[in-house]
Amino acid sequence: QAVMEGVDRASRVFDQLFDLTRLESISNDIATGFQRVQLPVVYQQVMEELAGKAAQKHIAINTKFQDGDVHGMDFAIYLLLRNLLSNAILYTPDGGRVELLAQRQGDELVLSIDDSGKGIPEDERERAFERFNRLDQHGSDGVGLGLSIVAQVVQLHGAKIRLTDSPLGGLRVQVSFQSPG
């Protein structure tokens, strides 16, 4: 059992390191890879992968797409959503809630993901984006790369990210994408 858990963990680390390397390599060719990306479509692809984990923990995931189009790289947006939702599911206790909202605010598309987990203390939020930093989240199966991947995607898209307290009691992650000029 312990060996299998170690292999699974090593596999996740490898996959996430590969994702980071791929993001860094495509960042040199940004302009040619940008296109219209529909967040609801990407969300469905991500949930095909994560629905089982959410169901095991009886986590309700509510979504609302008031607007769902962003100008970006499909693969990178997939990684962003997968990592944010995976973290929300991972750190939300059994029977908890995760909410996703995408809405237009002025000239930005703001994607918000809230969870009912324990959140991240305000004084540790900047460090949350560092590679391999798990913020002392002992007992979880995270490897500390998810938010650094998210930060790379945000930078690649010229977007902004904020970590705040969620009205659900956990963490709120907001990513603001500029509308294409």
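Laboratory data are not the source of any read-out in this text; all were calculated from the coordinates shown. Quick caveat, the model's predicted, so the values are computed rather than measured. Positions of Cβ are generated from backbone atoms using ideal geometry, with glycine treated the same way; all protein chains shown enter the neighbour counts.
Note that region 51-60 has calculated 3J(HN,Hα) couplings of 4, x, 5, 5, 5, 4, 9, 6, 8, 7 Hz, one per residue in order, obtained from phi through the Karplus relation 6.51 cos²θ - 1.76 cosθ + 1.60 (θ = phi - 60°); glycine and proline are x.
For region 44-96, the orientation-averaged shadow of the C-alpha convex hull comes to 3.8 nm² (one quarter of the hull surface). Residues in region 109-124 carry Karplus couplings, in order, of 9, 10, 9, 10, 10, 10, 9, 9, x, 8, x, 10, x, 3, 6, 10 Hz; the curve used is 6.51 cos²θ - 1.76 cosθ + 1.60 with θ = phi - 60°, and Gly or Pro positions show x. Under 5 Å between amide hydrogens, built in the peptide plane, is the criterion, and for THR63 it picks out LEU100 among residues at least 5 positions away or on other chains. Converting phi to 3J(HN,Hα) with the Karplus coefficients 6.51, -1.76 and 1.60 and the offset θ = phi - 60°, region 80-97 yields 4, 5, 4, 5, 5, 6, 4, 4, 4, 5, 4, 9, 8, x, 3, x, x, 10 Hz in sequence order, with x at every glycine or proline. Share of pairwise Cα-Cα distances greater than 14 Å in region 51-129 is 67 percent (whole percent).
Stretching ARG36 away from GLN155 to a fully extended chain increases their span by 41.1 nm, per 0.36 nm per residue minus the current alpha-carbon distance. A straight chain from ARG125 to LYS53 at 0.36 nm per residue would run longer than the Cα-Cα distance by 23.4 nm.
Around the amide H of LEU171, modelled in the peptide plane, lie the amide H atoms of ASP115, GLY117, GLY119, SER166, all under 5 Å away and 5 or more residues distant in sequence or on another chain. For the pair LEU101/ASN62, report the inter-label distance in nm, with labels modelled 7 Å from Cα in the Cβ direction. Each label point is offset 7 Å from its Cα along the Cβ direction, giving 1.0 nm.
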